[in-house]
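Enquirer: One structure, as structure tokens, below. Some questions next.
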Amino acid sequence: MKPTIALKQENLGLLPPNIKVPSYDRDKVRTSIVHIGVGNFHRSHEAYFTNELMERYGVMDCGICGVGLLDYDRRIYNILKDQDGLYTLMVKELDGSVSARVIGSLVEFLFAPENPIAVIEKMASPDIRIISLTITEGGYNLNEATGQFDFSNPVVVEDMKNPLSPKTVFGYLAQALKLRMQRDVSGCTIQSCDNIQGNGDVAKKALLNYVKAAEPELLPWIEKNVSFPNAMVDRITPVTVAADIQKVTDQFLVEDQWPVVCEPFIQWVIEDDFVAGRPEWEKVGAQFVKDVVPYENMKLRLLNAGHSVLGMLGALHGYDTIDEAARDADFNAFLRSFMDVEVSPTLGNLGGIDLDSYKKSLIARFQNIYMKDLISRICLESSAKIPIFLLPTIKAQLQGDGHIERAAFVVAAWCKYNDGVDEKGKSYVIKDAMSDELIRAAAQSHQNPKRFLEIEPVFGDMIKNQAFVAAFIKSLEMLRSKSVKECVVELEKKLA
Ligand code: CS2
């Protein structure tokens, strides 16, 4: 048994040849990006692209300073500090082979609860050209129904009172941009990397709403000096489990406390609107385009909603992982017709994208048996996901009198999911910022099915649409009398 090696800068030379390590001099890397929300996705995506630019092209001026805003981020902060910002990215191919590389692009890390001023100063530094975000779909604090910034959120109330020790991303951005304005530092780009339609526009709207109330004199400066490019981001990145940590040690001899696992597929389509310049990520595979809307629609409505379809159906049936649900012939048939009949007609002109092969590749990605992407990961925070991933399809289809039965069925499956127990009798926890309300509404829906659609921040006024309500009620009644598998088979037969 060969000795294992702790992941640290000084040990990189000791790692075996089957794992790639940064060959560039990390001491020479200069930081120009601050990234808020260093989760697994950031580490498999933007940090990976940036590492590739450093590795393959020797670009040294795009180092990333990670920032953790939440108490929850303490663990990643401590681990990355211990590992000199290094971590292993393990790619799981469709044929079961794995490849690994150590990523070196995260060269600094700040933990905001420990030192808020350091974070504000870093973001205000003239060296910083981009502040990028992965703060999750729900992190933008906009009410789904009204589209307005939620000033009743207690952390926002606190930030308004204590601007110099903020808690929210908007509190930090406002203070940092204010310093930039006061010190006559140039503007910068705020780059959302979250799965949201028009993620740049949404980030802008949320920030401007906040600033208008908190620091009104800053508003015109931001409008003039800050850009918010939209982007579509994609790489399936499951939760890291103990077996992954073990695999990294067994196969690559690396002791990494929190490696990242992902699929080989990667895509980043970005609007080219960077006020202070940007790394040439296109050299390593990113696409810069004028209009990202078609790409976003396609990805959110097919991949992310496809995940929610498999997640909800799979959870009710009692599957644990997405690949199990995707390889179930009945669920697969349902997913395929959901994509073809209900989503594809809403996508408009995709200008040269081969939609059929995109859908085929999605199914193959979902079926990757080596990924073990947990259904619990997909189902968490669905109250922020469903309105972005699934409801726009229903709304678009209703406008054109198209089919909505399958999408409505998934909404009904989500309602039943909030009963908290699968068909095998196993209970699970609903992890969602709105869990209390979801659980209450789902419980009441046993007497009054419409009750679930009354959750206004999720459904807005969709309850007024009779066709949708009828399809939802029918599905929910069916789901409460039959297994989810029997339901999808019956539905497919009926709609064929
Ligand atoms: C998933 C996404 O969170 C979810 O529900 O659909 O995290 C998905 O894996 C990524 O967007 C893939 O790019």
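Enquirer: Nothing charged except the Cβ atoms of Lys and Arg (+1) and of Asp and Glu (-1): what's the magnitude of the dipole of region 293-495 about its Cα centre? Round to the nearest 20 debye.
Expert: Its charge dipole is roughly 120 debye.
Enquirer: What are the aspartates and glutamates whose alpha-carbon lies under 17 Å from the alpha-carbon of Lys494, with same-chain residues fewer than 8 places away excluded?
Expert: Excluding near neighbours in sequence, the set is Asp330, Asp340, Glu342, Glu405, Glu477, Glu486.
Enquirer: Quick check: with the 1.4 Å probe, what order do His307, His446 take by accessible area, largest first?
Expert: Correct descending sequence by accessible area is His446, His307.
Enquirer: Rounded to two decimals, what ratio of Rg to Rh does the chain give with C-alpha atoms and a Kirkwood Rh?
Expert: My calculation of the ratio gives 0.97.
Enquirer: Would you list which lysines come within 20 Å of Lys8, measuring only between C-alpha atoms, while excluding same-chain residues fewer than 8 positions from it?
Expert: Partners found: Lys20, Lys28, Lys81, Lys247.
Enquirer: Also: Aspartates and glutamates within cross-link reach of Lys178: Cα-Cα under 15 Å, excluding same-chain residues under 8 positions apart?
Expert: Of all the aspartates and glutamates, those that pass the test against Lys178 - Cα under 15 Å, at least 8 places apart if same chain - are Glu121, Asp159, Glu215, Glu217, Glu223.
Enquirer: Right, next: Express in whole angstrom the spacing between the alpha-carbon centres of region 213-231 and region 373-404.
Expert: Cα centroid of region 213-231 versus Cα centroid of region 373-404: 31 Å apart.
Enquirer: When DSSP beta bridges are limited to those with both residues in the chain, what percentage is antiparallel, rounded to the nearest 5?
Expert: 30
Enquirer: In nm, what is the difference between 0.36 nm times the number of residues separating Ser481 and Ser97 and their Cα-Cα distance?
Expert: Separation in residues times 0.36 nm, less the Cα-Cα distance, equals 133.9 nm.
Enquirer: Could you tell me the extents of region 1-159's C-alpha atoms along the three principal axes, largest first, rounded to whole Å?
Expert: Here the spans come out as 57, 39, 29 Å, largest first.
Enquirer: Kindly write out, for region 290-299 in residue order, the coupling ³J(HN,Hα) from the Karplus curve 6.51 cos²θ - 1.76 cosθ + 1.60 (θ = phi - 60°), rounded to whole Hz, with x marking Gly and Pro.
Expert: 6, 10, 8, 3, x, 5, 4, 4, 4, 6
Enquirer: Considering only protein heavy atoms and a 1.4 Å probe, what is the carbon-and-sulfur percentage of the accessible area of region 222-302?
Expert: Whole-percent figure for carbon plus sulfur exposure: 49.
The values are calculated or read from the model by the stated rules, or taken from the named source; none is laboratory data. Just so it is clear, the model here is predicted, and its values are computed rather than measured. We place every Cβ from the backbone using ideal geometry, glycine too, and count neighbours over all the protein chains shown. These accessible areas exclude ligands, DNA and RNA; they are computed on the full protein's heavy atoms, side chains included. Shrake-Rupley method; radii C 1.70, N 1.55, O 1.52, S 1.80 Å.
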